[in-house]
1. Looking at the structure I just gave you, is LEU12 modelled with pLDDT of 90 or more, surrounded by 12 or more Cβ atoms within 10 Å (Cβ to Cβ) and either out of contact with any strand residue (DSSP E or B) (no Cβ under 7 Å at 6 or more places or on another chain) or part of a strand (DSSP E or B) (or both)?
2. Across region 48-70, which residue is nearest to the chain's Cα centre (by Cα) among those that are farther than 17 Å from ASN103 by Cα and touching a residue at least 60 places away in the same chain (Cβ under 8 Å)?
3. Only one of (1) under 17 Å from LYS30 (Cα atoms); (2) of a type outside the set (A, V, I, L, M, F, W, C); (3) in contact with an Asp or Glu (Cβ under 6 Å, 6 or more places away or on another chain); (4) modelled with pLDDT under 90 is not met by ASN64, so which one is it?
4. Which condition number in (1) more than 17 Å from SER106 (Cβ to Cβ); (2) within 19 Å of the chain's Cα centre (by Cα); (3) of a type in the set (Asp, Glu); (4) at pLDDT 90 or above is the one that ASP34 fails?
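The values are calculated or read from the model by the stated rules, or taken from the named source; none is laboratory data. Because the structure is predicted, anything quoted here is derived from the model rather than measured. Neighbour counts are summed over all protein chains in view; Cβ atoms, including those assigned to glycine, are modelled from backbone coordinates with ideal geometry.
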Amino acid sequence: MLPDLIIYFVALFQFHHVTAVNTWIKHEFKVLIDARSRECFYQPIELDSVFHASFQVIKGHDINFIVTDPRREILKVIQYEPSGQFQIQRTTLSGDYEICFDNTYSHLTNKLVSIYILTFHQNTLMERFKQEKELNETAHKSREISDKISINLVEIFASQAMSRFRAAKDEYLIESNNSLVLYWSIFQTIFVIFCGMFQVSKLKGILVDKNGLNPREEC
């Protein structure tokens with residue numbers, strides 16, 4: 001009995017894994033938002049789905065973030081923030097959700113933004129499980145646990161995305177500071193050489209008398 005139960009759970013896990021791969025939709029990319037411009041992206045989402053969107057400004061200080069539903073009603077607005085996120089545990093509308101980044105208030109600065117979008121349809125898993133012929137109480141409990149795990153996975157993936165965003169921003173800051181330190185070092189080197197040449201010329205002027213003779217020659 002025990003080996004059969006183990007085989008059943010292994011098959012159940014494999015089925016859940018394959019189904020989850022087919023029902024997860026993830027996008028992670030970077031986009032440059034020009035000054036005085038607005039960029040929007042559209043994600044088709046089914047009814048009763050988990051929807052998550054997050055962002056991190058890599059280059060620049062902040063940006064405006066707006067999410068609207070298929071009826072173009074505003075769901076979330078984040079203004080003048082370097083990062084943020086939005087999540088719906090279960091969507092009530094199916095259609096194209098709009099995710100916009102507004103940089104129209106900035107007249108000079110372009111913004112480099114990392115974006116992470118994740119959607120997951122939970123009911124698809126439940127329907128697949130219902131189609132199985134060998135469902136029992138254990139399978140039902142496993143389905144409930146899998147739904148909770150799916151929600152936790154969304155939070156884990158979102159947390160990992162934010163960690164990657166912060167790492168990318170830190171890398172950009174390091175590269176920018178490295179260039180700044182390099183240019184500042186070159187400037188200081190040129191300045192020191194110029195000061196040295198200026199001091200040498202002044203010392204020569206001090207050692208030469210009014211007639212242009214070296215004091216050591218007179219002695």
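1. Against the criterion (modelled with pLDDT of 90 or more, surrounded by 12 or more Cβ atoms within 10 Å (Cβ to Cβ) and either out of contact with any strand residue (DSSP E or B) (no Cβ under 7 Å at 6 or more places or on another chain) or part of a strand (DSSP E or B) (or both)), LEU12 does not qualify.
2. For region 48-70, the residue satisfying everything is ALA53.
3. With (1) under 17 Å from LYS30 (Cα atoms); (2) of a type outside the set (A, V, I, L, M, F, W, C); (3) in contact with an Asp or Glu (Cβ under 6 Å, 6 or more places away or on another chain); (4) modelled with pLDDT under 90 applied to ASN64, the lone miss is (4).
4. Only one criterion in (1) more than 17 Å from SER106 (Cβ to Cβ); (2) within 19 Å of the chain's Cα centre (by Cα); (3) of a type in the set (Asp, Glu); (4) at pLDDT 90 or above is unmet by ASP34, namely (1).
Here's the yes/no breakdown for (1) surrounded by 11 or more Cβ atoms within 10 Å (Cβ to Cβ); (2) in a helix (DSSP H, G or I); (3) at pLDDT 70 or above:
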{"residue": "PHE120", "(1), (2), (3)": "yes, no, yes"}
{"residue": "LEU125", "(1), (2), (3)": "yes, yes, no"}
{"residue": "ARG128", "(1), (2), (3)": "yes, yes, no"}
{"residue": "ALA167", "(1), (2), (3)": "yes, yes, yes"}
{"residue": "ILE190", "(1), (2), (3)": "no, yes, yes"}
{"residue": "ILE193", "(1), (2), (3)": "no, yes, yes"}
{"residue": "GLN199", "(1), (2), (3)": "no, yes, yes"}
{"residue": "LYS210", "(1), (2), (3)": "no, no, no"}
